[in-house]
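Heads up: the structure comes next, in C-alpha coordinates.
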Amino acid sequence: MFATLLPKQFKEKFGVTISILTFRLIWLAILLSAATLCLSVFYSYLFIVWYFVFSSRVFDTTGYYFVNVRGRTDNLKEWKPEPPILCNQGYRVIAFWASIFMLIIPSLCAELAYYGWQNTLFTIGSLIVLYFTGANETVYYFFFQIPPDKDLDHCNYTIARLFFKKLTPTILIIETLVGMLIVIISSIYWVLK
(Lines give C-alpha, C1' and ligand atoms only; values in the text may rest on other atoms or scores of the structure.)
Protein backbone atom coordinates (compact mmCIF):
# COMPACT_ATOMS: atom_id res chain seq x y z
CA MET A 1 0.00 0.00 0.00
CA PHE A 2 2.55 2.61 1.15
CA ALA A 3 5.28 1.22 -1.10
CA THR A 4 3.25 1.97 -4.25
CA LEU A 5 3.42 5.73 -3.51
CA LEU A 6 7.22 5.85 -3.51
CA PRO A 7 9.46 6.69 -6.50
CA LYS A 8 10.91 3.75 -8.45
CA GLN A 9 14.53 4.42 -7.43
CA PHE A 10 13.57 4.42 -3.76
CA LYS A 11 11.65 1.17 -4.18
CA GLU A 12 14.61 -0.47 -5.89
CA LYS A 13 17.00 0.46 -3.08
CA PHE A 14 14.71 0.01 -0.11
CA GLY A 15 11.99 -2.31 -1.45
CA VAL A 16 12.88 -5.27 0.73
CA THR A 17 13.22 -3.09 3.82
CA ILE A 18 9.83 -1.48 3.15
CA SER A 19 8.30 -4.92 2.59
CA ILE A 20 9.69 -6.12 5.91
CA LEU A 21 8.52 -3.03 7.82
CA THR A 22 5.02 -3.21 6.35
CA PHE A 23 4.73 -6.99 6.79
CA ARG A 24 1.78 -7.95 8.99
CA LEU A 25 1.81 -5.76 12.15
CA ILE A 26 5.54 -5.09 12.37
CA TRP A 27 4.84 -1.41 11.71
CA LEU A 28 2.65 -1.34 14.85
CA ALA A 29 5.42 -2.91 16.93
CA ILE A 30 7.84 -0.26 15.64
CA LEU A 31 5.36 2.52 16.42
CA LEU A 32 4.73 1.17 19.94
CA SER A 33 8.49 0.80 20.49
CA ALA A 34 9.06 4.43 19.58
CA ALA A 35 6.09 5.62 21.66
CA THR A 36 7.08 3.68 24.78
CA LEU A 37 10.71 4.79 24.43
CA CYS A 38 9.59 8.44 24.29
CA LEU A 39 7.24 7.90 27.23
CA SER A 40 10.01 6.28 29.25
CA VAL A 41 12.42 9.15 28.54
CA PHE A 42 10.01 12.06 28.96
CA TYR A 43 7.31 10.77 31.29
CA SER A 44 7.99 7.69 33.42
CA TYR A 45 10.68 5.03 33.62
CA LEU A 46 7.94 2.38 33.88
CA PHE A 47 7.44 2.45 30.12
CA ILE A 48 10.95 1.08 29.55
CA VAL A 49 9.60 -2.40 30.29
CA TRP A 50 7.06 -2.13 27.47
CA TYR A 51 9.71 -0.62 25.20
CA PHE A 52 11.79 -3.73 25.72
CA VAL A 53 8.84 -6.04 25.00
CA PHE A 54 7.87 -4.25 21.77
CA SER A 55 11.34 -3.61 20.39
CA SER A 56 12.54 -7.14 21.11
CA ARG A 57 9.49 -8.42 19.24
CA VAL A 58 10.42 -6.26 16.24
CA PHE A 59 13.80 -7.96 16.21
CA ASP A 60 12.38 -11.42 16.80
CA THR A 61 9.59 -11.12 14.25
CA THR A 62 11.77 -9.79 11.48
CA GLY A 63 14.80 -11.85 12.44
CA TYR A 64 13.11 -15.21 12.84
CA TYR A 65 10.85 -14.92 9.85
CA PHE A 66 13.21 -13.37 7.34
CA VAL A 67 16.34 -15.27 8.40
CA ASN A 68 15.07 -18.59 9.67
CA VAL A 69 11.85 -19.14 7.73
CA ARG A 70 11.71 -17.08 4.56
CA GLY A 71 15.36 -17.14 3.75
CA ARG A 72 16.31 -15.26 0.63
CA THR A 73 13.05 -15.36 -1.28
CA ASP A 74 11.44 -12.24 -2.73
CA ASN A 75 7.84 -13.19 -1.98
CA LEU A 76 7.44 -11.51 1.40
CA LYS A 77 3.66 -11.38 1.61
CA GLU A 78 2.91 -15.10 1.76
CA TRP A 79 3.37 -17.42 4.67
CA LYS A 80 5.10 -20.45 3.19
CA PRO A 81 7.72 -21.89 5.52
CA GLU A 82 10.81 -22.90 3.63
CA PRO A 83 13.91 -24.80 4.71
CA PRO A 84 15.69 -22.61 7.26
CA ILE A 85 19.01 -21.02 6.47
CA LEU A 86 19.96 -20.89 10.14
CA CYS A 87 19.09 -23.58 12.66
CA ASN A 88 16.54 -22.69 15.33
CA GLN A 89 19.03 -23.07 18.20
CA GLY A 90 21.48 -20.77 16.43
CA TYR A 91 18.79 -18.17 15.97
CA ARG A 92 17.81 -18.37 19.66
CA VAL A 93 21.42 -17.62 20.66
CA ILE A 94 21.53 -14.64 18.30
CA ALA A 95 18.18 -13.35 19.59
CA PHE A 96 19.29 -13.69 23.21
CA TRP A 97 22.52 -11.73 22.73
CA ALA A 98 20.80 -9.14 20.56
CA SER A 99 18.31 -8.57 23.38
CA ILE A 100 21.10 -8.20 25.90
CA PHE A 101 23.32 -5.86 23.89
CA MET A 102 20.78 -3.79 21.98
CA LEU A 103 17.97 -3.50 24.48
CA ILE A 104 18.53 -4.52 28.07
CA ILE A 105 21.98 -3.07 28.78
CA PRO A 106 21.41 0.40 27.24
CA SER A 107 17.91 0.66 28.70
CA LEU A 108 18.93 -0.31 32.19
CA CYS A 109 22.10 1.80 32.15
CA ALA A 110 20.11 4.86 31.10
CA GLU A 111 17.49 4.13 33.72
CA LEU A 112 20.08 3.58 36.44
CA ALA A 113 21.78 6.87 35.61
CA TYR A 114 18.53 8.79 35.47
CA TYR A 115 16.21 7.17 38.02
CA GLY A 116 18.39 5.26 40.50
CA TRP A 117 19.02 1.65 41.45
CA GLN A 118 15.67 0.94 43.16
CA ASN A 119 13.70 1.76 40.04
CA THR A 120 16.16 -0.24 37.94
CA LEU A 121 15.63 -3.28 40.18
CA PHE A 122 11.88 -2.85 39.80
CA THR A 123 12.27 -2.77 36.01
CA ILE A 124 14.42 -5.90 36.03
CA GLY A 125 11.81 -7.64 38.17
CA SER A 126 9.06 -6.59 35.75
CA LEU A 127 11.06 -7.91 32.80
CA ILE A 128 11.56 -11.22 34.59
CA VAL A 129 7.82 -11.52 35.31
CA LEU A 130 6.94 -10.77 31.69
CA TYR A 131 9.56 -13.19 30.39
CA PHE A 132 8.52 -16.13 32.58
CA THR A 133 4.83 -15.60 31.88
CA GLY A 134 5.36 -15.88 28.13
CA ALA A 135 4.65 -12.26 27.20
CA ASN A 136 7.32 -12.24 24.50
CA GLU A 137 5.81 -15.27 22.78
CA THR A 138 2.25 -13.94 22.92
CA VAL A 139 3.26 -10.49 21.65
CA TYR A 140 5.26 -12.19 18.86
CA TYR A 141 2.19 -14.13 17.70
CA PHE A 142 0.07 -10.96 17.88
CA PHE A 143 2.38 -8.82 15.75
CA PHE A 144 3.10 -11.65 13.35
CA GLN A 145 -0.64 -12.33 13.02
CA ILE A 146 -0.36 -16.08 13.10
CA PRO A 147 -2.03 -18.44 15.54
CA PRO A 148 0.25 -19.84 18.22
CA ASP A 149 1.65 -23.28 17.55
CA LYS A 150 -0.50 -26.08 18.92
CA ASP A 151 2.65 -27.60 20.36
CA LEU A 152 4.34 -24.93 22.48
CA ASP A 153 7.30 -27.01 23.62
CA HIS A 154 9.60 -24.05 22.93
CA CYS A 155 7.83 -22.24 25.82
CA ASN A 156 9.05 -24.70 28.43
CA TYR A 157 10.60 -21.81 30.40
CA THR A 158 7.20 -20.35 31.40
CA ILE A 159 5.69 -20.70 34.85
CA ALA A 160 2.65 -22.52 33.44
CA ARG A 161 4.90 -25.42 32.42
CA LEU A 162 5.39 -26.15 36.10
CA PHE A 163 1.66 -26.82 36.45
CA PHE A 164 0.64 -28.17 33.05
CA LYS A 165 2.20 -31.10 31.24
CA LYS A 166 1.23 -29.66 27.86
CA LEU A 167 1.12 -25.92 27.23
CA THR A 168 -1.75 -24.85 24.95
CA PRO A 169 -2.23 -21.46 23.26
CA THR A 170 -5.12 -20.68 25.62
CA ILE A 171 -2.99 -21.35 28.70
CA LEU A 172 -0.16 -19.24 27.25
CA ILE A 173 -2.48 -16.29 26.56
CA ILE A 174 -4.05 -16.48 30.04
CA GLU A 175 -0.60 -16.72 31.63
CA THR A 176 0.59 -13.70 29.63
CA LEU A 177 -2.45 -11.63 30.59
CA VAL A 178 -1.88 -12.49 34.27
CA GLY A 179 1.80 -11.51 33.95
CA MET A 180 0.94 -8.23 32.25
CA LEU A 181 -1.69 -7.51 34.89
CA ILE A 182 0.85 -8.16 37.66
CA VAL A 183 3.31 -5.75 36.04
CA ILE A 184 0.68 -3.05 35.46
CA ILE A 185 -0.73 -3.27 39.00
CA SER A 186 2.71 -3.34 40.60
CA SER A 187 3.77 -0.38 38.42
CA ILE A 188 0.78 1.64 39.61
CA TYR A 189 1.56 0.68 43.21
CA TRP A 190 5.25 1.55 42.73
CA VAL A 191 4.39 5.01 41.44
CA LEU A 192 1.81 5.74 44.15
CA LYS A 193 3.87 4.53 47.14
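The values are calculated or read from the model by the stated rules, or taken from the named source; none is laboratory data. Quantities reported herein were computed from a predicted structural model and do not represent experimental measurements. We place every Cβ from the backbone using ideal geometry, glycine too, and count neighbours over all the protein chains shown.
Quick one: count up the residues across segment 21-52 that are within 18 Å of ILE184 (Cβ to Cβ) and of a type in the set (Phe, Trp, Tyr).
Going through segment 21-52 one residue at a time, the tally reaches 6.
Run down ALA135, ALA160 and say which single residue is more than 24 Å from ALA34 (Cα to Cα), small (Gly, Ala, Ser) and modelled with pLDDT of 80 or more.
None of the other options fit; the residue is ALA160.
Just to verify a result, which residue in segment 39-51, among those that are part of a loop (DSSP other than H, G, I, E, B) and among the hydroxyl-bearing types (Ser, Thr, Tyr), is farthest from TRP117 (Cα to Cα)?
Restricting to residues being part of a loop (DSSP other than H, G, I, E, B) and among the hydroxyl-bearing types (Ser, Thr, Tyr), the top hit is TYR43.
Of everything in segment 161-193, what is among the small types (Gly, Ala, Ser) and crowded, with 19+ Cβ neighbours inside 10 Å? Give them in sequence order.
GLY179, SER187
Condition check: surrounded by 17 or more Cβ atoms within 10 Å (Cβ to Cβ) and closer than 20 Å to ILE188 by Cα. Does THR158 satisfy that?
no
Which of the following residues is modelled with pLDDT of 70 or more, buried (at least 16 other Cβ atoms within 10 Å of the Cβ) and either touching a Cys at 6+ places or on another chain (Cβ under 6 Å) or not in a helix (DSSP H, G or I) (or both): PHE23, PHE59, PHE54?
Unique residue meeting the criteria: PHE23.
Just need a number here: residues in segment 142-153 that are under 11 Å from LEU172 (Cβ atoms) and touching a residue at least 24 places away in the same chain (Cβ under 8 Å).
Of the residues in segment 142-153, 1 are under 11 Å from LEU172 (Cβ atoms) and touching a residue at least 24 places away in the same chain (Cβ under 8 Å).
Among residues belonging to segment 105-145 that are part of a helix (DSSP H, G or I) and among the polar types (S, T, N, Q), point out the one that is nearest to the chain's Cα centre (by Cα).
ASN136
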